[in-house]
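Okay, structure first, notes after.
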């Protein structure tokens, strides 16, 4: 499907199914309806909207912060319904990640052999341990014993195609960031938990969540000051109450 989508355009509808948003997770778990809002409205009316969401959660005896924390751990994929135990959820997710590399990528790119597959898995773990990751092509090449920097960049693209990582750059063009060292995140916070054995950094989790939620409908690039620049004109700093733009 990935390589042949143009050939299939007249014969099949291609649908991209993404993981659950926080809103969808709460709706699915508790069988309630929560409205969605455009980013512009959230920015203008965030206090009022937040109060409404808190009240809606309290009506079903839930608190939004614990729900958010659980979502970051194991709420992105709907099979949390079948695997209420977090340990089994992480095991299942890790197995799915390995299957994506060993089966899906190998099917799309037949030239990938056993050695290449192992290098991709090593690269993903290498990234997961230091998210947000700023790639140094020479260091990665030498550490993982990959032939050349061009191959390293290709491997990054494969992982991004498989929705295992998100590469973010400072330029507006989609693939500019692949040609120079920029930040690399895992695709979603649940992957961080699974690959880091539950020891994911909370700040990196928040940044990954923000990036995941905004990337679908907005342009997200790195900012000169702050964390992310949205659509070229909205600057966001992601962090706790005490974090400032100077940190």
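Would you mind getting me the FRET efficiency between residue 236 and residue 48? Use the beta-carbon distance for r and R0 = 25 Å, nearest 0.05. Before the final figure, lay out the partial values.
On the way: r = 20 Å, r/R0 = 0.79.
That pair, residue 236 with residue 48, gives E of 0.80.
Once you've got the GNM for the chain with C-alpha springs shorter than 10 Å, pick whichever of 109, 71, 163 has the biggest mean-square fluctuation.
Among 109, 71, 163, the largest GNM mean-square fluctuation belongs to 109.
Using the Cα gyration tensor of region 86-236, with a ≥ b ≥ c the square roots of its eigenvalues, what is the shape: rounded (a/c below 1.5), prolate (a/b larger than b/c) or oblate (neither)?
On the way: a/c = 1.75, a/b = 1.24, b/c = 1.41.
Note, shape of region 86-236 comes out oblate.
Defining a contact as two alpha carbons under 8 Å apart and six or more residues distant in sequence, what relative contact order in percent does the chain show? Each step should come with its number before you reach the end.
Values: 239 pairs, mean separation 35.4, N = 247.
It comes to 14 percent, rounded to a whole number.
Mind sorting 209, 68 by how few other Cβ atoms lie within 10 Å of their own Cβ, fewest first?
Going from sparsest to densest Cβ surroundings: 68, 209.
Which of 99, 59, 200 moves most in a GNM of the chain, Cα contacts under 10 Å?
Top of the fluctuation ranking is 59.
Could you tell me which of rounded, prolate or oblate describes region 22-80, using a ≥ b ≥ c as the square roots of the eigenvalues of the alpha-carbon gyration tensor, with rounded for a/c under 1.5 and, failing that, prolate when a/b is larger than b/c and oblate otherwise?
Prolate is the answer for region 22-80, as a/c is 1.5 or above and a/b outweighs b/c.
Nearest 500 deg cm²/dmol is fine: what mean residue ellipticity at 222 nm does the chain get from its DSSP H runs of n ≥ 4 alone, each adding -39,500 (n - 2.57), divided by its residue count? Intermediate results must be reported in sequence, preceding the final value.
On the way: 10 runs with 114 residues, N = 247.
Value at 222 nm, helices only: -14000 deg cm²/dmol.
Compute a Gaussian network model of the chain, connecting alpha carbons closer than 10 Å, and tell me which residue from 74, 196, 167 fluctuates the most.
196
What is the mean projected area of the alpha carbon convex hull for region 49-98, to one decimal in square nanometres?
With every direction weighted equally, the projected area is 4.1 nm².
If I stretch the segment between residue 79 and residue 144 completely, what's the gain in nm (0.36 nm per residue apart, minus their alpha carbon distance), one decimal?
On the way: separation 65, 0.36 × 65 = 23.40 nm, distance 3.31 nm.
Length difference between fully extended and current span is 20.1 nm.
Every read-out reported here was derived from the displayed coordinates using simple, explicitly stated rules and does not represent laboratory data. Everything numeric in this text was worked out from a predicted model, so none of it was measured. Reconstructed Cβ throughout: ideal geometry from the backbone, glycine too, with neighbour counts over all protein chains shown.
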